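Okay, so here's the structure we're looking at.
The values are calculated or read from the model by the stated rules, or taken from the named source; none is laboratory data. On a predicted model such as this, the values are computed, not experimentally measured, just so you know. Here Cβ is always computed from backbone atoms with ideal geometry, including for glycine, and neighbour counts include all displayed protein chains.
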Amino acid sequence: MVLADLGSKLTRALQTMAASSVIDDEVVSKLTSSIAMALLQADVDIRLVKQLQNNIKTACAVDDTAAGANKRKMIQSTVIKELYKLLDPGVQPYVPKKGKCNVIMFVGLQGSGKTTSCTKFAYYYKRKGWKVCLVCADTFRAGAFDQLKQNATKAKIPFYGSYTERDPVVVAEAGVEQFRAEKYEIIIVDTSGRHKQQAALFEEMQEVARVVAPDDIIFTMDSSIGQAARDQAQAFKSSVPVGSVIITKLDGHAKGGGALSAVAATQSPIIFIGTGEHIDDFETFNAKSFVSRLLGMGDISGLLTMFEEEKLLDQPELIKKLTEGTGDFTFRDMYEQFQNLLKLGPLGKVMSMIPGLSNMIGPGKEKESMARIKRFMTIMDSFTAEELDSTMKIFEATPNRLVRIARGAGVQLRHVHEVLETYKPFKKVASKMGGLASLMGGGGGKGGPGGMIDPKKMTGRQGQATMNKMASMFDPRMLQQMGGMGGLTNMMKQFTSGGGFPGLGGLGGGGAGSGGGMDMEALQQMMAGMGGMGGMGGMPGMGGGGRR
């Protein structure tokens with residue numbers, strides 16, 4: 001999770017407040033001071049921090065007649081709302097219109113990752129079925145056209161540029177005209193990087209904007225710029241009508257708060273954040289989801305959106321098999337879940353969206369975890385069709401199969417045993433989730449229509465009865481071993497290097513290693529918030545995909 005250090009400091013401040021026996025002015029003052037210090041250390045502009053601090057104090061004027069629990073909830077809610085406001089100017093970003101020619105112009109400082117962001121932006125829309133292209137109007141920086149050409153070629157995106165024409169206005173106009181004539185839906189214009197002191201380059205930027213008439217101008221900002229981001233953002237905003245912001249390099253800098261808070265200077269919404277060097281290290285930005293993940297509260301709605309985009313919620317055969325007991329969860333099923341997990345992107349990103357799991361993978365462990373999943377899949381590629389469509393019984397009956405698989409995959413025998421050991425908790429969780437799907441009206445079978453949760457079974461007296469049945473379906477010993485909602489924790493922990501199974505934070509009711517019972521109120525809130533969730537509950541990757 002980006003800005004993990006800031007998130008942990010804010011979370012600790014809220015936890016300290018929540019643990020106080022009496023909530024008075026002194027406690028509120030300590031809370032606001034801790035939050036202010038954390039934001040300043042993350043390079044958030046001091047004027048914005050002071051404003052946020054005053055807003056929290058004003059909103060949290062302690063009412064002596066209020067119950068302590070209500071005070072805590074009110075204060076926490078106020079802090080979250082103020083953090084939202086810090087990142088959300090309340091302006092809707094430009095949304096490209098399908099079937100129309102949308103011209104998007106990128107501007108920003110030199111070295112801010114603008115050209116790379118252009119390609120990521122184009123690739124994002126290409127994956128969604130849009131007809132996209134790139135125009136290189138950066139004739140100032142040596143090698144700019146070569147960089148865009150190389151990126152576009154890798155992403156298989158059409159591009160336009162010139163090695164001979166030195167006037168960026170001419171190049172931009174010619175490129176946009178050509179792609180307009182060819183009916184491209186999104187034309188992305190990359191411009192030269194410039195600094196607010198470079199008046200001539202700002203005039204050039206204005207001229208490019210005049211000839212291409214962009215539908216949206218995106219300001220690209222490097223997260224490492226710190227508090228200088230505000231002044232630079234204001235300079236660009238005063239020269240051209242910046243409509244959106246992209247923050248880059250948030251994966252490599254702990255002090256990205258300056259860039260994030262510079263949205264207040266542009267009064268333009270952040271639409272994407274760059275979280276790595278690869279073309280798909282690019283996340284859509286939502287202020288509420290970002291703050292929720294920052295505070296370790298997860299982002300179930302965002303996770304479900306990812307599931308829907310990757311079509312991972314639609315696997316009626318598996319759901320029906322699990323809900324109606326017409327078959328076992330096989331190794332092929334597990335292979336497909338690995339495929340789906342990889343489709344969702346970096347494991348740390350996925351886990352940050354699940355309440356209580358945001359800090360499970362420590363710094364530097366994510367690549368190791370992803371490599372572990374890929375090794376499991378490589379080993380399973382050496383399974384025969386019969387073995388893939390079977391359970392553990394086939395290997396218990398003929399254990400010599402494992403030697404053949406190890407040789408075929410080029411791994412040690414112990415690595416094959418790891419796959420088998422990973423299968424066991426997967427199968428347990430799948431069987432429990434299948435029961436939950438039926439109980440809540442999912443799966444499109446006896447329980448309800450189309451794999452969707454039946455809202456009637458999640459509210460009122462019937463909802464409470466459903467929750468009680470859900471609790472009884474889980475063996476308390478399994479919960480104790482796995483920690484709270486053990487399935488998620490256990491499954492994720494299989495791919496990290498640490499041992500044991502920590503409790504699932506806000507959902508499990510226990511801290512790390514506590515192995516607390518299931519917090520039914522938290523679980524009910526989570527389930528109710530999922531709305532149209534597919535039958536496999538909150539289990540990452542439990543959806544479509546197939547192994548050819």
Scan of the stretch 169-181 for residues that are over 36 Å from the mean Cα position of the chain (by Cα) and buried (at least 21 other Cβ atoms within 10 Å of the Cβ), ordered by number: Val171
From the residues in the stretch 12-57 that are assigned to a loop (DSSP other than H, G, I, E, B) and touching a helix residue (DSSP H, G or I) at 6+ places or on another chain (Cβ under 6 Å), which one is surrounded by the fewest Cβ atoms within 10 Å (Cβ to Cβ)? Ser20
Mind checking whether some residue in the stretch 209-222 is surrounded by 17 or more Cβ atoms within 10 Å (Cβ to Cβ) and over 23 Å from Asn102 (Cα atoms)? yes
Selection within the stretch 127-149 - over 26 Å from Gln206 (Cα atoms) and modelled with pLDDT under 95: Arg127, Lys128, Gly129
Restricting attention to strands (runs of 3 or more DSSP E) lying wholly within the stretch 242-340, give those where 1 or more residues are hydroxyl-bearing (Ser, Thr, Tyr), at pLDDT 85 or above and buried (at least 21 other Cβ atoms within 10 Å of the Cβ). 244-248
Do you know which of the residues in the stretch 353-384 that are at pLDDT below 80 and hydroxyl-bearing (Ser, Thr, Tyr) is nearest to Gln339 (Cα to Cα)? Ser369
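With respect to Lys73, determine if the residue is modelled with pLDDT of 80 or more, of a type in the set (D, E, K, R) and either under 21 Å from Phe290 (Cβ atoms) or in contact with a Leu (Cβ under 6 Å, 6 or more places away or on another chain) (or both). Before you say what the answer is, go through the steps one by one.
Numbers: modelled with pLDDT of 80 or more: yes; of a type in the set (D, E, K, R): yes; either under 21 Å from Phe290 (Cβ atoms) or in contact with a Leu (Cβ under 6 Å, 6 or more places away or on another chain) (or both): no.
No; evaluated as a whole, the condition is false for this residue.
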Going through the stretch 79-95 in order, the residues found to be within 14 Å of Ile218 (Cα to Cα) and either free of Cβ contacts under 8 Å to residues at least 12 places away in the same chain or surrounded by 17 or more Cβ atoms within 10 Å (Cβ to Cβ) (or both) are Tyr94, Val95
Within the stretch 1-11, considering residues that are in a helix (DSSP H, G or I) and closer than 11 Å to Ala38 by Cβ, the one modelled with the lowest pLDDT: Asp5
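Of all the residues that make up the stretch 206-228, how many are in a helix (DSSP H, G or I), within 18 Å of Ser117 (Cα to Cα) and hydrophobic (A, V, I, L, M, F, W, C)?
Step one: of the stretch 206-228, the residues in a helix (DSSP H, G or I) are 206-212, 223-228.
Narrowing further to those that are within 18 Å of Ser117 (Cα to Cα): 223-225.
Keeping just the survivors that are hydrophobic (A, V, I, L, M, F, W, C) gives 225.
Total meeting the criteria: 1.
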